[in-house]
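See structure below.
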Amino acid sequence: MRPIRLPEPPSPTIGVPEIFEGGAYSVIRRAVIIGNGYPGSENQSVGLVRALGLYDKHVLYRVTRPRGGINEWLLWLPVSLHQKLDYLIQLIQIYSRGRNYVPLPLENGGGSVGLASVLEADVKQIVTMARQTFEKDGPLLVVASGRDTISVASSIRRLASENVFVIQIQHPRSQLNRFDLVITPRHDFYPLTPQAQEQVPQFLHRWITPREPPDRHVILTLGALHQIDSATLRSTAAAWHDEFAPLPKPLLVVNIGWPTSHCRYGADLAKQLTAYLLNILSSCGTVRISFSSRTPEKVSKIIVKEFADNPKVYIWDGQEPNPHMGHLAWADAFVVTADSVSLISEACSTGKPVYVMGPERCKWKLSDFHKSLRERGVVRPFTGSEDIGESWSYPPLNEMAEAASQVREALAERGWRVRP
């Protein structure tokens, strides 16, 4: 549901200093992003901050989980408890090895997750900064995305509610009033639909989240937010011109994600995808394949083995520079595995053909997401019988501008605005 639209405040008298318009207290000039180290989540926050005109005025903090070994089995724990448990485990290892000291990890996992230079999100530090600089710099916009950032973002709002405006991207599952605004895809509310209720035994309903429908503080989108728009695609096309312009057309970009709890697959999907790509290869001038950092090796190995020596096919090796933005700008069509809402949303922002591999494997809310995309006409299932040279189009799926507009409306309700 859209926030209530209030009348725009009267225009200030020309020549009146800003302090008499409501002062620095009402103008947001800076932002803090709380990330989790995953591009799919952090890009949503960065995209929103950019759309609000604060890209050059933001600071990125991260909430990082321990990684590797037993930690991969502890991802269900609250991040704060997970960090403390990992610290305890490492202390035990240090004392058990005697003099063979193993150093404890640095901030942000010692560089294993994200950039080592990015500060670890510290609630007290951010709250203190928001309070102490409020009189000089005005309110602080806080944008967070992902499950691991929920406790940090909600704590900042609880401790500095008069100094901050907190936006949580992706559904926090419960207690939406912990945030000033929540931005989330419609399919996150799928558990409340009659279809979903029929799939779950009655005695389990109380354990399924969310439990409450969206209220006026919730902005609903079809897909994930991102940084892609027509201006970005134009500048990116120019930046990658020398690499992509000479390639034979049509150019098909294949983005492969990773299996999730709502979209499970393995070697079977890799074999099916390989067979489909071989079927349509004759209709392509060039095929470029990218894997996610979380793509299982059993999936990537099958695809690399089949196409590594094919002159039409380029497989990105994971080294910088990442060609993802160039792919979005120069591709004539996309094939994307069904697991990633972010990758699919970005591809659909181009208005070019998007074929989804394996949507039938998706269940629960992800199945609802794919159903909505098909009904809107922005994707088609990948069957291996397509002629990539035959193009089709649709209005690009770009919800960032509308989301930013609704954020401005919510700020206006509070008497604040983002400095133009």
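The values are calculated or read from the model by the stated rules, or taken from the named source; none is laboratory data. Everything numeric here is computed off the predicted structure, so don't read it as measured data. Positions of Cβ are generated from backbone atoms using ideal geometry, with glycine treated the same way; all protein chains shown enter the neighbour counts. These accessible areas exclude ligands, DNA and RNA; they are computed on the full protein's heavy atoms, side chains included. Shrake-Rupley method; radii C 1.70, N 1.55, O 1.52, S 1.80 Å.
Taking region 392-410 as the search range and keeping residues that are aliphatic (A, V, I, L, M) and touching a helix residue (DSSP H, G or I) at 6+ places or on another chain (Cβ under 9 Å), which one is most open to solvent (accessible area, probe 1.4 Å)? Restricting to residues being aliphatic (A, V, I, L, M) and touching a helix residue (DSSP H, G or I) at 6+ places or on another chain (Cβ under 9 Å), the top hit is Ala401. When Leu233 is tested against (1) surrounded by 14 or more Cβ atoms within 10 Å (Cβ to Cβ); (2) under 21 Å from Asp317 (Cα atoms), exactly one condition is not met: (2). Taken over region 356-366, residues that are open to solvent by 20 Å² or more (accessible area, probe 1.4 Å) and touching an Asp or Glu at 6+ places or on another chain (Cβ under 9 Å) amount to 2. Residues in region 143-173 that are touching a Lys or Arg at 6+ places or on another chain (Cβ under 6 Å), outside any loop (DSSP other than H, G, I, E, B) and either open to solvent by 10 Å² or more (accessible area, probe 1.4 Å) or within 25 Å of Arg206 (Cα to Cα) (or both): Ser154 alone.
Each residue in region 329-349 was checked for being crowded, with 22+ Cβ neighbours inside 10 Å and out of contact with any Gly (no Cβ under 8 Å at 6 or more places or on another chain), and 8 pass. If we scan region 294-311, do we find a residue that is assigned by the TED database to the domain that holds Cys362, within 30 Å of Val182 (Cα to Cα), crowded, with 16+ Cβ neighbours inside 10 Å and touching a Cys at 6+ places or on another chain (Cβ under 8 Å)? No, every residue in region 294-311 fails to be assigned by the TED database to the domain that holds Cys362, within 30 Å of Val182 (Cα to Cα), crowded, with 16+ Cβ neighbours inside 10 Å and touching a Cys at 6+ places or on another chain (Cβ under 8 Å). For region 156-192, a residue qualifies if it is farther than 12 Å from Ala130 by Cβ and of a type in the set (S, T, N, Q), and the qualifying residues are Gln168, Gln170, Ser174, Gln175, Asn177, Thr184. Apart from one condition, Val335 fits all of (1) part of a helix (DSSP H, G or I); (2) at pLDDT 95 or above; (3) of a type outside the set (Lys, Arg); the exception is (1). Restricting attention to region 252-268, the residues that are under 24 Å from Pro353 (Cα atoms) and either open to solvent by less than 30 Å² (accessible area, probe 1.4 Å) or over 21 Å from the mean Cα position of the chain (by Cα) (or both) add up to 8.
The set of residues in region 367-391 being surrounded by 11 or more Cβ atoms within 10 Å (Cβ to Cβ) and in a loop (DSSP other than H, G, I, E, B) consists of Gly377, Val378, Val379, Phe382, Thr383, Gly384, Glu386, Asp387, Ile388, Gly389, Ser391.
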